[in-house]
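The values are calculated or read from the model by the stated rules, or taken from the named source; none is laboratory data. Remember, it's a predicted structure, so these values are computed and weren't measured experimentally. Here the Cβ is made from the backbone with ideal geometry for all residues, glycine too, and neighbour counts use every protein chain on show. These area figures cover heavy atoms from the full protein model, side chains too; ligands, DNA and RNA do not enter into them. Shrake-Rupley method; radii C 1.70, N 1.55, O 1.52, S 1.80 Å.
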Amino acid sequence: MSTSIPYRQPYRQPSRQMSTDPRNELHPHVDHYIGIDVGTGSARACIMNDQGDIVGLASENIGLWQPQTGYYEQSTSDIWRCICSSVRRAMDQHNINPSTIRGIGFDATCSLAVFSQDTDEPVCVTGPNFDNKDGHDRNVVLWLDHRPVEETAKINATNHNLLRYVGGKMSIEMEVPKVLWLKNNMPKELFDRCKFYDLTDALTHIATGSETRSFCSVVCKQGFVPVGVDGSVKGWQEDFLKDIGLEDLCEDNFKRMGGVDKVNGRYLTAGELVGTLNEKAAGEMGLPPGIAVGSGVIDAYAGWIGTVGAKVKLDEDTLDMDQPKNDVSQAFTRLAAVAGTSTCHLAMSREPVFVNGVWGPYRDVLLPEYWMAEGGQSATGELLKHVIETHPAFHEATSVAETYNTNIYDYLNEHLREMVETEKAPHVSWLGRHFFFYGDLFGNRSPVADANMKGSVIGLSSDKSLDGLALYYYATMEFIALQTHQIVSAMNGAGHVISSIFMSGSQCQNDILMQLIAAACDMPVLIPRYVHAAVVHGAAMLGAKAASTDKDGNSEPLWDIMDRYSKPGKTVKPSTDENLKKLLATKYKVFLEQCESQQRYRKDVDGAVEGWTVKK
């Protein structure tokens with residue numbers, strides 16, 4: 001098992017934020033909802049009460065295997081065990097009466113889960129034998145698995161119309177390339193027995209036994225075009241699947257991918273009722289059967305649900321629960337930035353907006369008839385970690401941080417403030433005025449959409465000191481902020497109307513980074529109350545929506561639930577310092593030049609060496 005893969009840190013909720021409402025302790029008249037979030041490295045469960053407060057939370061690390069470079073695998077059996085353990089501990093530690101649970105919502109990474117059509121058992125995705133010899137049921141190809149390089153190139157070479165809805169190119173992180181890789185590498189008789197799920201749909205399947213799929217999963221990651229969009233008749237595009245060599249999946253009306261809606265399949269928008277918790281799953285979770293289970297979403301989309309519904313006074317420093325009810329149109333101005341290992345940027349629109357290098361637009365994935373767009377940075381948390389850990393002063397900085405009983409990020413932020421005082425600098429950004437770092441070390445997701453993008457530095461010196469590390473660290477934060485500006489500008493230039501950023505994830509705690517993003521984008525950054533738990537809080541809201549379903553199948557609009565349950569946090573305002581604005585505007589010009597020149601240099605060199613033959 002790999003120990004080097006980054007994962008979300010286990011959630012540590014400050015005690016002042018956790019509800020102490022005595023009604024939660026074994027009082028059956030208080031309704032509760034469970035949110036389950038499966039990230040890259042951990043599964044967590046939160047218990048939300050009927051006021052939207054998180055009253056219980058637990059997490060457990062998930063197994064992750066790396067059989068070779070670029071291959072990342074997990075197991076739904078292991079994930080489910082971690083989910084059940086987290087639910088039990090969250091319930092037990094906070095004395096929640098199981099009979100008060102009304103609904104459950106799931107979110108998960110956009111990973112591919114594989115099961116047998118015949119037995120419904122996990123099918124091993126580990127080549128070359130795919131025989132599960134180690135007994136771990138490794139049936140999940142993780143989102144960051146990069147094995148299907150050739151398959152992705154083949155898919156994008158089709159120039160099929162559906163690629164318009166994934167930013168012009170299908171990413172290697174999506175699931176169709178992974179299915180095609182399995183077909184190309186598995187024994188035919190084994191592949192022919194496989195059925196395929198996005199991970200969140202696999203989890204609702206385990207919980208309920210239903211084969212229902214979520215629009216969020218299939219539209220965002222599996223090449224499904226909702227019926228009526230661009231003449232789509234069945235959702236799945238038969239000509240596309242045949243063109244890339246997956247004609248097998250067209251059989252029986254696409255049954256192995258979930259079927260055709262209202263024919264031999266069922267597709268739902270976020271939080272709509274999939275079914276109820278079955279006996280087996282209920283027993284494993286320590287819950288009564290029959291609890292409503294909502295249609296799940298990809299984890300980043302749960303971050304949108306958990307943040308953008310907050311009531312906001314942008315002219316003050318807090319989010320305000322006493323504001324009038326939000327109108328859904330306010331969501332169009334709010335970008336959700338879900339920041340962990342990487343960062344996803346999610347925006348909603350009433351009409352489809354096409355942005356080069358931004359995935360989508362996707363219809364129906366969160367709210368019926370509305371469209372979502374998904375930009376992203378391939379590495380932000382992981383980039384910061386990489387830059388710090390590869391610097392010569394890393395071990396010295398770690399030792400000093402430990403003596404102050406703080407983490408490396410807080411220590412470096414404090415060190416930057418000390419440098420400002422020592423150098424009598426007008427602002428922390430002044431320290432890095434002649435240091436230009438372009439940080440696409442892990443490729444570019446948006447808006448360039450080029451996995452071959454790399455990093456570059458202008459102003460590199462021989463400084464191996466703590467000051468040198470702090471400067472490199474600052475430049476990395478500045479890069480993240482400037483690239484956020486680039487993504488927001490691309491989206492607004494194409495027709496979005498983003499004017500505020502709703503952050504979630506551990507990076508929210510980094511005050512210098514949040515101030516840089518607000519200043520670079522010249523818009524307020526909103527921090528949720530549940531900094532680490534905004535995603536799982538959003539998943540719990542899916543459970544609340546499922547629980548609201550009446551006998552006719554109608555449920556409360558998700559936006560109304562978000563409006564009611566989203567919690568106040570704080571606002572980081574954009575800087576009014578004109579000198580800082582000028583500096584960051586100039587640094588942004590250099591940033592763009594670094595981005596564009598790298599592509600030009602690579603093209604020029606490729607032309608110069610095109611006559612050479614590479615030995616095989």
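Would you mind checking 325/582; 262/311; 169/589 for any pair whose Cα atoms are more than 31 angstrom apart? The answer is 325/582; 262/311.
Centre-to-centre, using Cα atoms only, region 284-306 and region 185-219 are separated by 17 Å. Per-residue ellipticity at 222 nm computed for the chain from its helices equals -11000 deg cm²/dmol, with DSSP H segments shorter than 4 residues left out and the rest contributing -39,500 (n - 2.57). Rolling a 1.4 Å probe across the protein heavy atoms gives the chain an accessible surface of 40 Å² per residue. If you plug the beta carbon distance of residue 97 and residue 509 into 1/(1 + (r/R0)^6) with R0 = 45 Å, you get a FRET efficiency near 0.85. Peptides 102-115, 296-309 ranked from most to least packed by the mean count of surrounding Cβ atoms within 10 Å: 296-309, 102-115.
Can you tell me what share of the DSSP beta bridges in the chain is antiparallel? A percent to the nearest 5 is fine. About 70 percent, rounded to the nearest 5.
Here the chain exposes an accessible surface that is 50 percent carbon and sulfur, computed with a 1.4 Å probe and the other protein chains kept in place. Label sites at residue 465 and residue 433, each approximated as a point 7 angstrom past Cα along Cα to Cβ, lie 1.9 nm apart. Each Lys and Arg contributes +1 and each Asp and Glu -1, all at the Cβ; summed about the Cα centre of region 32-295, the dipole is approximately 220 debye. Each principal axis of region 403-498 carries a Cα extent, and these read 46, 29, 29 Å when sorted largest first.
The spacing between region 511-539 and region 245-278, judged by their C-alpha centroids, is 36 Å.
Tell me the label only: which of (i) 115, 52, 37; (ii) 71, 67, 47; (iii) 111, 73, 54 is Cα extents along the principal axes in Å as calculated from this structure? Given (i) 115, 52, 37; (ii) 71, 67, 47; (iii) 111, 73, 54, the calculated one carries the label (ii).
Note down the relative contact order for the chain as a percent, whole number, built from C-alpha pairs under 8 angstrom at least six residues apart. Can you show the working numbers first?
Details: 1344 pairs, mean separation 96.7, N = 616.
Computed value for the chain: 16 percent relative contact order.
Each Lys or Arg adds one and each Asp or Glu takes one away; over the other residues whose Cβ falls under 13 Å from the Cβ of residue 102, this sums to -2.
Peptides 337-346, 484-493, 130-139 ranked from most to least packed by the mean count of surrounding Cβ atoms within 10 Å: 337-346, 484-493, 130-139.
Its relative contact order, with pairs defined as Cα atoms under 8 Å and 6+ residues apart, puts region 79-187 at 23 percent.
Short-range pairs are left out: with C-alpha atoms under 8 Å and at least six residues apart, the relative contact order of region 191-341 is 22 percent. Taking all Cα-Cα distances within region 32-295, those exceeding 35 Å account for 16%. Applying both filters, DSSP loop and at most 16 other Cβ atoms within 10 Å, to the trypsin sites (Lys or Arg not before Pro) of region 467-554 gives 551.
Averaging the Cα positions of each part gives two centres, and for region 360-397 and region 77-99 these lie 29 Å apart.
When the dipole is taken about the Cα centre of the chain, and only Lys, Arg (+1) and Asp, Glu (-1) are charged at their Cβ, what size is it in debye, to the nearest 20?
With only Lys, Arg, Asp and Glu charged at Cβ, the dipole is about 520 debye.
Placing unit charges on the Cβ atoms of the charged side chains and taking the dipole of the chain about its Cα centre, the candidate lying farthest along the positive direction among 399, 127, 490 is 490.
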